[in-house]
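Asks: Once you've had a glance at the structure underneath, I'll fire off some questions.
The values are calculated or read from the model by the stated rules, or taken from the named source; none is laboratory data. Small disclaimer: the values here were computed from a predicted structure and weren't measured. Every residue, glycine among them, receives a Cβ derived from its backbone with ideal geometry; neighbour counts consider all protein chains shown. SASA here: full protein model, heavy atoms, side chains in, ligands and nucleic acids out. Shrake-Rupley method; radii C 1.70, N 1.55, O 1.52, S 1.80 Å.
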Amino acid sequence: MTLTATARPAVQLLSPRSEAVIAATAGLVAAHAEQITARFYPRMFAERPELLRVFSLSNQATGEQSRALAASVVAYAVQLIDPSAPSFAHVMTRIAHKHTSLGIRPEQYTIVGHHLLAAVGEVLGDAVTAEVADAWSEVYWLFATQLIAEESRLYARAGVDPSTPTRPFRVARRIEETDNVVSLVLEPADGAPVPDIEPGQYVSLFVDLPGGDRQPRQYTVSSTAVGTRLQVTIRKVLGTGGAPDGRVSSYLHDHVVAGDVVDVSAPAGDLVVPSSDSPLLLATAGAGITTVLPIVEHIARTQPQRPVIVAHADRTASDHALRETVLHAGSQIDDFTHYTWYESVDIDDHRSQAGLMDLGAVPLPDNVHAFTCGPLPFMRQVRTTLLNRGIPSDHIRYEVFGPDLWAAQ
Ligand SMILES: Cc1cc2nc3c(=O)[nH]c(=O)nc-3n(C[C@H](O)[C@H](O)[C@H](O)COP(=O)(O)OP(=O)(O)OC[C@H]3O[C@@H](n4cnc5c(N)ncnc54)[C@H](O)[C@@H]3O)c2cc1C
Ligand code: HEM
């Protein structure tokens, strides 16, 4: 048989029997997805308290991780039964990268699967017949098998044994960037070289907090200018409306000093610069600036003729971290433009615009590729403006500094 250009390869992932059951119950599960994951975590942590050192306790408190997991499982099931559903590949890749930065291992999928499927039974009760349970188990294991395969590929590529996913790095120095932002310059404490890092990638830092909790958080590698070191830049998260200050960012900001050792994962993340010579627009807000510096440094080092536009929004000029370092790296690029928006602008600052970022009037070259990083409402606004200006959606990439709830809202 000859395949025509439009024919899809006949990959039947889900058994026909399960496909019908999933089609009939996907709506029910979707409607209860948050309740299911809200049950799932407490029962899993009760049996496996060691997992509290891998999951973010704060995401648990705010429910963010529950929403991300729920959204991804339902979206995965839907695209299994609907060939016209949007591609799921980028969601899969994002999760796999996040998992590898945390050292997630294949055998842990059995634990998660057991508690997730038990939680489905608890929430949906009699609706979960043996047939329904089997079909959702099949969905879970299809998802799990694909993640495990992708994760083992990423571990192998990075040369990482997932049972020891971190290496010790010593804080060589701290750079106080603004009142609330500090950069930590880290060098390996085990004598091995710094791993290869693509611009825009992040590492997980595992921190032993006062009181005994151990917690990982992801931080973009904000500079690789010095090949024997890597730099992360941390904005201290201040609690608002009675919420506590961020645990790990506060600890790193207030307590970690030069000479201290932190556990750092291999670099992960798929927000990488396309290797073409198309112009780049980097549109960021707040802590999202940490993705800009490594990309600008990379372009200055490897493609100084490639046009780059940096657009950044912050509360005030004094909150704008890494500004001078970005401008310095950008000065080595032939065609580099820099725009800033501040919610309040100093009276003698004639270069910055007041208010929120508005890309409506910014000159954009043909075939521009955009990266955006910042709070979700900001990124939605950027994306909408760019789509309205005719930038194709596959030219717009984003990075979320938290569980990816983009698809969930
Ligand atoms: C890929 C990626 C890259 C990132 N890169 C960077 C970076 O370069 N620089 C950077 O600064 N950050 C970055 N982040 C964000 C970073 O990983 C952390 O999420 C951030 O530092 C906050 O962590 P924390 O432990 O300080 O806050 P957490 O303790 O995790 O708190 C997070 C929020 O939850 C709220 N909260 C916690 N507990 C409760 C509760 N009981 N009730 C109500 N609210 C509560 C807190 O007030 C806070 O607003 C990145 C994240 C990702 C996913
Ligand atoms: C099929 C099974 C699984 C699915 C569908 C899944 C899905 C997800 C999703 C959607 C995220 C958020 C990614 C983002 O940042 O956007 C995530 C994060 C995470 N996952 Fe998984 N996951 C699975 C299995 C596991 C397993 C087996 C473990 C290990 C016990 C695990 C541990 C974590 C942790 C620790 C995070 C970070 C969340 C946080 O810090 O709050 N996951 N996963």
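Asks: With a Förster radius of 30 Å, plug the Cβ-Cβ distance of residue 240 and residue 260 into 1/(1 + (r/R0)^6) and report the FRET value to the nearest 0.05. Write down the numbers at each step before the final one.
Replies: Numbers: r = 29 Å, r/R0 = 0.95.
The pair residue 240/residue 260 has a calculated efficiency of 0.55.
Asks: When the accessible area of the range 280-408 is split by element with a 1.4 Å probe, what percent falls to carbon and sulfur? Walk me through the numbers on the way to the answer.
Replies: Values: 2960 of 5820 Å².
Result for the range 280-408: 51 percent of the exposed heavy-atom area is carbon or sulfur.
Asks: Quickly estimate the mean residue ellipticity at 222 nm for the chain, helices only: each DSSP H run with n ≥ 4 gives -39500 (n - 2.57), and the total goes over all residues, rounded to 500. Walk me through the numbers before you get to the answer.
Replies: Values: 10 runs with 158 residues, N = 409.
Per the formula, -13000 deg cm²/dmol.
Asks: Suppose we keep just the DSSP beta bridges with both residues in the chain; what percent of those would be antiparallel, to 5? Numbers along the way, then the final one.
Replies: Details: 31 of 55 bridges.
The answer is about 55 percent antiparallel.
Asks: Next up: For the range 166-265, what is the per residue volume of the convex hull drawn over the alpha-carbon atoms, in cubic angstrom? Don't skip to the end; give the middle numbers.
Replies: On the way: hull volume 10.2 nm³, N = 100.
So the per-residue hull volume is 102 Å³.
Asks: If DNA, RNA and ligands are ignored and the probe is 1.4 Å, what is the ranking of 345, 181 by accessible area, most exposed first?
Replies: Working: 345 45, 181 5 Å².
The ordering from most to least exposed comes out as 345, 181.
Asks: Volume per residue, Å³, of the convex hull around the alpha-carbon atoms of the chain?
Replies: About 173 Å³ per residue, rounded to a whole number.
Asks: Given a Förster distance of 22 angstrom, what is the FRET efficiency for residue 90 paired with residue 272, based on the Cβ-Cβ distance and rounded to 0.05?
Replies: Values: r = 12 Å, r/R0 = 0.57.
Calculated transfer efficiency: 0.95.
Asks: Which of these, 210, 168, 188, has the largest mean-square fluctuation under a Gaussian network model of the chain (Cα springs below 10 Å)?
Replies: In the Gaussian network model the winner is 210.
Asks: Could you state the orientation-averaged shadow area of the convex hull built on the Cα atoms of the range 174-332, in nm² to one decimal? Write down the numbers at each step before the final one.
Replies: On the way: hull surface 40.6 nm².
Hull-based average projected area comes out at 10.2 nm².
Asks: For residue 161, what accessible surface area do you get with a 1.4 Å probe? Give it in Å², rounded to 10.
Replies: Roughly 80 Å² of residue 161 is accessible to a 1.4 Å probe.
Asks: Another question, if that's okay. So what is the relative contact order for the chain, in percent, with contacts set as C-alpha pairs under 8 Å and at least six apart?
Replies: Values: 654 pairs, mean separation 56.6, N = 409.
Once normalised by length, the contact order is 14 percent.
Asks: With every protein chain present, what is the per residue accessible area of the chain (1.4 Å probe, Å²)?
Replies: I get 48 Å² per residue for this part.
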